[in-house]
Every structure is written in C-alpha cells, then in structure tokens.
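Here the structure is laid out as structure tokens; the discussion comes afterwards.
The values are calculated or read from the model by the stated rules, or taken from the named source; none is laboratory data. Being a predicted model, the structure only gives us computed values, none of them experimental. With ideal geometry, Cβ positions are generated from the backbone for all residues, glycine too; neighbour counts draw on all protein chains shown. Calculation scope for accessible area: heavy atoms of the full protein, side chains included, ligands and nucleic acids excluded. Shrake-Rupley method; radii C 1.70, N 1.55, O 1.52, S 1.80 Å.
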Amino acid sequence: MSSHIRRCKTIPLYARLVRYGFRKHATYVWAALAGAFTNSVFGVLRAYILIALWQTRPGLAGYDVTDAVTYCFVTQAFIGPMQLFGGGLGIPERIRSGDIALDLIRPASLQLSSLAEDLGRAAYLFLVRGFPPMLLGAAMFGIVVPTDPGRWAAFLAGFAIAVVVSFGWRYLVALSVCWLVDDRGVAVLSLVLTTFFSGLMVPLHIFPGWLGDLAAALPWAAMVQLPTDLYLGKAPVLETLAFQAFWAVVLLALGALGTRAIRHKVVIQGG
Amino acid sequence: MVRTYFLLAWTWTRAAAAYPASFWLMTVFGVIIAALDVAVILVVFANTTSLAGFSRDEVLFLYGAASVSFTVCDMFVSNLDRVSQHIKAGTLDTFLIRPVSAWLQLATDRFNGTRVGRVLQAGAVLGYALAVLDLDWRRAWMIPVMVVTGMVIFTALWTLAGALQFALTDAPEVSSSFTYGSQQLSQYPFSIYGRDLVGGVTYVVPLAFINWQPGLYVLGRDDPFGTPEFMRFMGPAAALVLALLAALAWRQGIRHYRSTGS
Amino acid sequence: MIELERVGRSFKVKRNVVHAVHDLSFTVSAGEFVGYLGPNGAGKSTTIKMLCGILTPTSGRVRVAGLDPSRRRTTLARRIGVVFGQRTTLWWDLPLADSFELIRLLYKVERAAFRSRLDELTETLDLGSFMRTPVRQLSLGQRMRGDLAAALLHAPDVLVLDEPTIGLDVVSKAGIRDFLRRLNAEQGTTVLLTTHDLGDIERLCRRVMLIDHGRLAFDGTLEELMATAPDEATIEEVVTRLYTGSPAQ
C-alpha cells in the first residue's frame, strides 16, 4: 500500500522534471539553432571526407556512398542530444559552489532527477539540433530515409538508450569533480574517448584490426555507431539493443555507487 | 604592442605555472586532442592509399602546414571568441576602461601556455611530412610563407568571429563554424570538396590560401580545379585584404557595443 | 574636471525608446568629492559608463579631464580610475599581486613609481595579508580594497566609484570611507561616487547630485539637500521625499 502511494508521487515528479529540462532548454533557442548551424557545417565537411574515401573503396564496411553520407549527418545530429563534446549537466558547477549539498538532502535521487532533466534536454535538442543537419545532408547529397516503420522503431529505441548511455557516462565524469582539484583533465579525456570511440569522427567499422574490435566493445559504440547502424538497417536489432542496454545499466549502476560516495563525502565529511 | 602582448601573456603563464602538475597535464592532453585529427587521417589511409588523388604523406603535409598556423593562432588569439561570454557576464566593460586596445586585452586574457603542446604536435607532423616527401627544395621557400599567411588568415578569422559575437551575442557557436570549421576544411586536400565550395573558399573567404594553393606549389602539383599558376602566390595579398576587413569589422563591433550598451 | 552639457542617452528596448539619461548637465571641479544619488534605474550607471567612454551618449557633450571619453577612451583611461562595486575589474583567477602587475603593464607605469605607489596603497588599504591570494578567494571587503588599489595605481586625477560600499560590513565600510576621504584631502583626487548608502554621502560628500528618471533633480551641498525638506529629520527621510515626492512612511 505505502509503496503504491510512493509510486504515484514519484512518477509525476520525474515526468515533471523531464518537462522542466525540455522547457529550460527551449528558452535558449538561439544557442540551439547556432549549435545546429555549426553541426550542419561540420557535417558537410566530414561528408566530403567520407565521400572521397568511399569513392576509392566502394562498399567499405558494408556501406555504399549514400550510407556513408547518411552516417555522417545522422551522427552530427546526435551531438546536441547526447552532448558528445561533454557537459550538459549542471553538477560540476554545483559541486564547486557547494550547492550540491542542497541537492543531496532532497528526498528525490540526484541521479534520477538529473537523468529526467537530461532526457528533457535531449528531447528538445533532438528536435532543434537533430533535424537541421539531416535536412542539409538530404538537400546537398541525398541521404537514406528508412520507409520501414520497424526500422524507425528500432532506431528510436536505440537512440533513446544511447541518450541514457551518454547520460550515464557524463554523470560519472561530472561526479569526478568532487575528488579532483582540476577537473579539466577528465573533461578532455572524456572528450577524446567520446568523439573517437563513439564513431563520431569516422565509422568504427573502418578502424584497423584490434582497434576496431576494441572500439566496438566499449560503451561509446553504444552512443553513436550502434543507433546509426540501426537507422541504416545494418545491425541486428535485438542484439544491438541488448548491448546498448547492458552499457546503460552498467554506467547507471556505477553512477548510483558514485552518488552514494558523494553523499557520504558531502554529508558526513562536510565537503 | 607586441611587447605589451608578450608581457601580458607571460604574466598569465607564470600564474598558471604555479600549479605545475595541472600545467603539464593540460599540455599533454592538448597534444592528445590535436592528435585525434591525425588519427582520423591515419584511419582513413588504413583503408586506402590515396584520397582524391593525394597520398597519405601529402595529406599530412597539408594538415601539418595548416595546423602549425592554426595552433599558433589558437594559442595567441583564440580568446577573441569569448566576446559573447564577456558581454553576458558584463566583464567587457572592464576591458574598455583600460588604456590598451580591447582586442589586445581579449586576445591575451587567460593566455594559455599549455596550448604550446598542440603547436609542437603540428610541427612534428609537418616535419615528418617534409622528411618523407621527395620535394623540390627550390620550392621550399614557400613553406614559411604559407605558414605565416595561414597565421594572418586564422587571426583575421578569429577577429571576425569575435566581431560577429557583438551582433550574435546569444549564439556564439556560429562563430566557431568560421574558425574551427576553417581548420577542419584545411586539413584535407581541397580536391575532396565540391567545386562550388572550393570556389567560395577561394574567391569569397580566402581559405584556399592557408595551405591548399601554396601547398600545390610546394608539392609541384597542378590544381585539379584548374586555377592558373599565379594563384599559388596570391596568399599574402588575400590574407592582407581579409585582415583589413577583420579590423574594420572589429571596430564596428566595439562601436556597436558602446552605442547599444548591452 | 568633469563636464556634462545637455547629455542624453536613449536605448531601444523592443521598438520603444527609453531615455536612460535626459538633458543632463553638471560640472565637477578638480578636487571635489561629489555624491551621485538616485533610485534604481535612474540613470546613474549609464552616466558613469558615459564618463569612462564605455557608452557613447546619443546627444550632448561630455568632457572628462578635458577629453571626450567616447573618442579618446584609451587616452582618458590613463587619467581616470574606475571601480564597479558590483563587479571586480581584477583578474578572477590571478593573485592580487599579479593583477597589479598586469595593471602596471597595461598602464605603462614606471617600475619605481609603481613600487612606491603600491607600497603606499598596501599600507593604507592593508593589503599585505592577501597579496598572494587569488581574487576569487577574497572576501568582499578585501576584494573592494584590492579594486580600489587597482584603480589608483596609475595615480589618476579622477576617481569614479559605482557603489563601492555595496554589501560591505560596517568595519569594511568605515575603512573604505576613511581611505577615500584621505585620498581626496591629501592628494586632491577628484571623486565621483554613486551609492545607495546615505551614510557614504553624509560622511564623505560635500556636494550631492540626485538623479531621477534620467534628469537631475537636485544639485547642491549636503546642507542645502537637508533644507529642501525642513520638516524631515534624517537624510533618509529627505531623500525618500525627493524620490517619491511624498514624506517617508
């Protein structure tokens, strides 16, 4: 009975936080549009590199030229929603200012409320920063647009899990501020790992030898490479979703441990 | 002016060096970030021996030359693209009450000596490419000319990016399309790009003179787009015109700020 | 030293034109200590910004130390010192001493003159104990003393202060006031100060100017200000009356 009452209160809270995240970012329309513009410009420049490569190696990695171009613009569209260059969570600033203590004494979980807000943010940026690069890519080069509703469903599911994986990773990076004097090092390390091993720069399939095998097994592959392959219909749906879900669960579990550690540190040791 | 610049930069470096561990860590990480672009080039050439008619080492030469120019500017003037941040925080006023030009102060503000790592990384790639390519050394004089030309162009681009932020205060990211986008563009031989794009970045915004046109001369190659031979030598003139326009835009930006009082 | 002649400044806010300052004229002579009062949004900061050349007036003529601030901004910068109470002009991440060193370089102050000036300011403002502390770690009172020293290192003829005592405790306030009074008396520096703290006005300013809705509502000595409302006892009540047009509640 009591758990039933609690659930009734909790779900609207997190739904509300999702909406809050969405609306908060909706107030920065110009920043989002500027981001969309930048992502589109870089999409065009990256597309030419992939086109040149696929012209000399048609069929490389099982993609044709149009697949490669599509790959490029779909992945550019992910930058905003998944915050592939880092950040998006206000936690590091709140740790530095000490305000995190206020968040930790709230009855709601810091991790879940951050996740809810981040999902709202991602939903907004998916609309504003996701479509412009795709439209530009379609207009300039022509891209693959799936007609099979099953493929769309698989892609949207994969994309949603990818956002959670990206949150899981960024949450860990954000919490690390608590134990570091200078957090810029971690930020840079995260940037390098995320941009290179997610497949944002070039598809992981064309990484040579063991580097390719390694990249395919790491959590970053679940962010960019796999949902894009779902979009292109180049990956087995259930296995791919299971692999993504595995990393989402692992990262969220680590995040939960991190939250406990930080609560211990802030509440018991007093920051 | 140059003296003031270096004295200011030195003060910032000295302050940063008070935390040596952090300083060296950031230098090393700077090299790693810059190395990502090289990694992408190497991954591409792990799958092919030539990209749009250019070999790996030729691409590394073009990358290295542009990157030396870019990273030097990244170190010395890239803080100009913080104009919007300063306007929003209200800190731009502080620069305007000082007896030195706001451009110089903004460029040196928080001067970051750790970026020297990226310059060294770019220099190493350029050095490698020059060592392995069988170049005609009578054409080597062009290499320093193109690097300096590139620096002038990138400095002008950053100045334009800063000037643009006086108008687009809410959307500073747009200006990074110009600076970082130009860097991305100049990492690869222009033969991979579409004819219209190359026309635009040759005759409208002279990005082709950062490394492509002079690089063709150094490599002893004809332009796949068929531009005449004299275009290889137009870099310095194009860079000066762009620098002049950037200076005007900057002045306009400051004037706009002082007359709108944002 | 400071001359404003029919100065106006308007802003466009969403198609409406707002007159922040309207037809403002006053003169401040060398060596004066003037308080500049006004309710929030009256146009005080706009005036200050025009005096430093940060903002260009839409009409009228401004002269500070004989220079037009909006045209000769960088030349004028060597002659005036500016302090914004709400925001520091020091470098957030640098130790105070490094901030001062940067100022020496920016203002091209000679090393010997800088040394003796800094020693003097360090002593009178009692900066010694936090000279090596980064500005972001200073308390508000320490930061304000640092800001004052920074504004005075190049020995300006005019000092413009925008709410220098805002948020300070009574002891810090007293210290700053004492310093400003001596600066004006001993070195003859002209001081223009905006504030919401009438204690600043009572203890420092021989002359008071009051701006309201962008227009000068009063200009005279402290005694004359009190005389505008003889039935009010305190300066707070007099000023409330001037701001609202009715007696204080």
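A few points about this structure:
- Residues of segment A:82-138 classified as acidic (Asp, Glu), buried (at least 16 other Cβ atoms within 10 Å of the Cβ) and farther than 23 Å from A:VAL29 by Cβ, total: 1
- Of residues in segment C:23-63 being closer than 15 Å to C:ASP219 by Cβ and open to solvent by 50 Å² or more (accessible area, probe 1.4 Å), the one nearest to the other protein chains (Cβ to nearest Cβ): C:ASP23
- Residues in segment B:114-127 that are open to solvent by less than 10 Å² (accessible area, probe 1.4 Å) and within 24 Å of B:ALA18 (Cβ to Cβ): B:GLY117 only.
- Some residue of segment A:91-100 being in contact (Cβ under 8 Å) with a residue 12 or more places away in the chain, more than 9 Å from chain B (Cβ to nearest Cβ) and under 15 Å from the mean Cα position of the chain (by Cα): no
- Among the residues of segment A:19-37, those that are more than 18 Å from the chain's Cα centre (by Cα) and of a type outside the set (D, E, K, R) comprise A:TYR20, A:ALA26, A:THR27, A:TYR28, A:VAL29, A:TRP30, A:ALA31, A:LEU33, A:ALA34, A:PHE37.
- Residues that are charged (D, E, K, R) number at least 2 in the following helices (runs of 4 or more DSSP H) confined to segment A:190-271: A:237-263.
- The number of residues in segment B:51-102 that are within 14 Å of chain C (Cβ to nearest Cβ), over 19 Å from B:THR179 (Cβ atoms), in a helix (DSSP H, G or I) and open to solvent by 10 Å² or more (accessible area, probe 1.4 Å) comes to 4.
- Qualifying residue in segment A:52-59 (condition: within 13 Å of chain B (Cβ to nearest Cβ), in a helix (DSSP H, G or I) and open to solvent by 10 Å² or more (accessible area, probe 1.4 Å)): yes
- Residue in segment B:236-258 that is open to solvent by less than 60 Å² (accessible area, probe 1.4 Å), farther than 24 Å from B:GLY162 by Cβ and not aliphatic (A, V, I, L, M) present: no
- Test: residue in segment C:20-30 that is in a strand (DSSP E or B), under 16 Å from the mean Cα position of the chain (by Cα) and among the aliphatic types (A, V, I, L, M): yes
- Residue list for segment C:73-90, filter: surrounded by 22 or more Cβ atoms within 10 Å (Cβ to Cβ) and more than 20 Å from C:ILE166 (Cα to Cα): C:ARG73, C:LEU76, C:ALA77, C:ILE80
- Enumeration of residues in segment A:142-151 that are open to solvent by 60 Å² or more (accessible area, probe 1.4 Å) and assigned to a loop (DSSP other than H, G, I, E, B): A:VAL145, A:THR147, A:ASP148
- Meets criteria (open to solvent by 80 Å² or more (accessible area, probe 1.4 Å), more than 14 Å from chain C (Cβ to nearest Cβ) and touching a residue at least 40 places away in the same chain (Cβ under 8 Å)) for B:LEU219: no
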